[in-house]
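Structure record follows, encoded as structure tokens.
Just so it is clear, none of the values below were taken in a lab; they were calculated from the coordinates. Since the model is a prediction, treat every value here as computed from it, not as a measurement. Neighbour counts run over all protein chains shown; Cβ positions are idealised from the backbone, glycine included.
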Amino acid sequence: MFCKRTLVAACFAVLVAPCLWVPAQAQSFKVIHSFTGGADGGNPWEGLTMDSSGRFYGTTNTGGGSGYGTVYQLKHESSRWVVRTLHSFAGAPNDGSGPYAGVVIGANGSLIGSTGTGGDGLCQFEPVQRGMGCGTIFELRNSKSGWRETVLYSFQGGPGDQGGSSDGGEPSGALALDSAGNIYGTTAFGGSVAGCFDYCGIVFKLAHSAHGWSESVLHDFGSGNDGGAPYGGVVMDKAGNLYGPTVLTGNNGAGPPPTGTIFQLVPTAGNWTESVLYSFQNGADGANPVAGLIFDQTGNLYSASVNGGPDGGGVAFELSPSSGNWNFSELYDFTKTGNSTPYECTNCYGPVGRLLMDSSGNLYGTAYATGAYGYGSVFKLSPSAGGWTYTSLHDFTGGTDGSNPRATLVFDGKGNLYGTAVYGGGTGCGGTGVPTGCGVVFMIVP
């Protein structure tokens with residue numbers, strides 16, 4: 001996916017209003033599970049989802065019985081945290097492998113998620129992955145005999161003009177569910193745009209009927225400046241419109257600089273119409289938004305770019321609707337730290353996971369490779385006197401506390417924060433040029 005590739009981003013020396021900085025509160029941070037890379041999985045690329053009973057669910061990209069990743073449950077029992085593996089992915093052709101995203105909770109407490117590879121697709125858009133599959137959408141249901149996985153859809157890849165399917169491949173971002181149980185998401189590659197082998201992708205809908213699940217392509221990226229490589233998935237508003245980020249500006253990497261967009265899809269008379277709400281300029285606004293979007297209660301959108309901006313580490317931003325347009329506001333620019341070169345993504349420094357907003361309007365998130373040690377951070381942004389105050393909740397050291405978080409954070413009922421880091425935590429996993437450790441689950445007590 002995007003963070004396994006390199007995109008060069010320029011850093012522009014643009015003067016902006018100063019933001020306050022508050023030092024880390026390291027004493028509140030606690031690792032509650034270190035992955036081993038074995039049956040419990042390894043390298044969690046996304047964070048946790050909490051159900052109504054306070055149980056957490058997540059995915060790992062590696063490990064498990066076959067080494068292709070897991071879906072796990074995390075539960076506090078008898079004063080300790082217990083991780084249970086609910087499913088170990090078996091890989092192509094009958095199962096998924098390597099989930100990049102977390103899970104969402106569907107009807108009757110089922111878990112719905114995606115895998116970046118696996119399934120029975122050919123992936124013509126990605127020759128190095130032929131035989132590995134183009135990814136799946138899966139569901140796990142709890143029964144008397146335990147959790148059972150069903151592959152709802154297996155992507156076939158593309159593009160259609162190369163003899164493949166036009167349904168896309170490598171789903172990696174957040175999924176959205178509507179009230180009827182339909183599933184919406186994005187794939188980073190594939191689609192029907194002629195000649196578009198890489199960095200295009202689609203927005204899709206999966207609908208259930210008596211004949212099973214069927215896919216509809218709502219939009220193909222890559223034919224113009226509409227965007228490309230929508231890694232962040234989609235979010236749905238109350239009217240049923242979809243919103244998401246793209247890492248590239250579009251046109252299959254040709255034309256404008258590959259700096260990214262924010263898009264909207266509106267259902268109209270059985271079709272979907274795409275509009276670009278904002279195109280990044282790789283200036284003070286940053287570049288390449290990987291993180292998905294969130295809404296506040298009044299309909300404003302929030303997210304972050306992963307690099308660029310005045311200090312080179314990405315920019316947290318707000319998009320506000322106004323008279324049919326959307327106004328972009330920079331909230332905070334992250335500082336690129338020179339102590340560590342991010343693994344897998346040379347220019348990934350800022351947030352990769354979605355931001356989290358509390359009832360007071362404060363924003364929380366993780367940054368992939370900023371912080372005091374260059375191994376990432378957990379932060380809080382608070383609106384204050386017309387600006388935003390940055391508080392570092394934890395700066396990762398790359399040791400037993402973990403490193404390089406990509407996670408969206410989640411609150412429990414007591415206001416504690418939970419998240420994951422991809423690497424660190426102990427021995428195992430890693431390899432030549434790969435950080436040591438299989439990742440951690442952490443907790444921050446206010």
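Observations
- Length gained on full extension, N142 to T427, computed as 0.36 nm times the residue gap minus the Cα-Cα distance: 99.3 nm.
- Sorted ascending by nearby beta carbons within 10 Å, beginning with the fewest, F442, F56 become F56, F442.
- Seen from L206, the other residues with C-beta closer than 14 Å to its C-beta sum to a net charge of -3, counting Lys and Arg as +1 and Asp and Glu as -1.
- I294 long-range amide H proximity, modeled H, under 5 Å: Y302
- In this label model, S214 and A194 are separated by 2.8 nm, measuring between points 7 Å along each Cα→Cβ vector.
- Based on Cα contacts under 8 Å between residues 6+ apart, the chain shows a relative contact order of 14 percent.
- Fewest neighbouring Cβ atoms within 10 Å first, the residues S382, S322, S97 line up as S322, S382, S97.
- Amide proton proximity set for L218, modelled H, under 5 Å, gap of 5+: V203, F204, K205
- With K and R counted +1 and D and E -1, the other residues having a Cβ less than 14 Å from that of F328 yield a net charge of -4.
- Cut-off 15 Å between beta-carbons: net charge of the residues surrounding D95, Lys and Arg +1, Asp and Glu -1: -2
- Calculated FRET efficiency for the pair K30/V434, C-beta based, R₀ 41 Å, to 0.05: 0.95
- Distance between the range 307-338 and the range 368-409 - C-alpha centres, whole angstrom: 16 Å
- Report note on the peptides 183-193, 100-110: ranked by the mean count of other C-beta atoms within 10 Å, highest first, their order is 183-193, 100-110.
- Take 401-410, 78-87, 359-368 and order them by the average number of nearby Cβ atoms within 10 Å per residue, most first; the result is 401-410, 359-368, 78-87.
- Computed about the Cα centre, the dipole magnitude for the chain is approximately 960 debye when only Lys and Arg (+1) and Asp and Glu (-1) carry charge, each at its Cβ.
- Backbone HN-Hα couplings from phi across the range 102-119 [Karplus 6.51/-1.76/1.60, Hz, Gly and Pro as x]: x, 10, 10, 9, x, 5, 6, x, 5, 10, 10, x, 9, 10, x, 9, x, x
- Between N241 and S52, the FRET efficiency estimated from the beta carbon spacing at R0 = 41 angstrom works out to 0.90.
- Cα centroid separation, the range 26-94 to the range 191-244 (Å): 28 Å
- Farthest positive-ward along the chain dipole, Cα basis, beta-carbon charges - from S166, A407, G191: A407
- Dipole of the chain computed with +1 at Lys/Arg Cβ and -1 at Asp/Glu Cβ about the Cα centre; of I444, S78, A180, farthest Cα towards the positive end is S78.
- Computing Cα Rg over 2.2 N^0.38 Å directly from the structure and comparing it against [x] 0.90; [y] 1.01; [z] 1.74 singles out [x].
- The range 248-337: relative contact order as a whole-number percent, Cα under 8 Å and 6+ apart: 19 percent
- Most fluctuating residue given options G419, G116, G240, as computed from a GNM of the chain linking Cα atoms under 10 Å: G240
- Normalised contact order of the range 63-158, rounded percent, pairs of Cα under 8 Å and 6 or more residues apart: 21 percent
- Residues whose placed amide H lies under 5 Å from that of W147, excluding near-sequence neighbours: none
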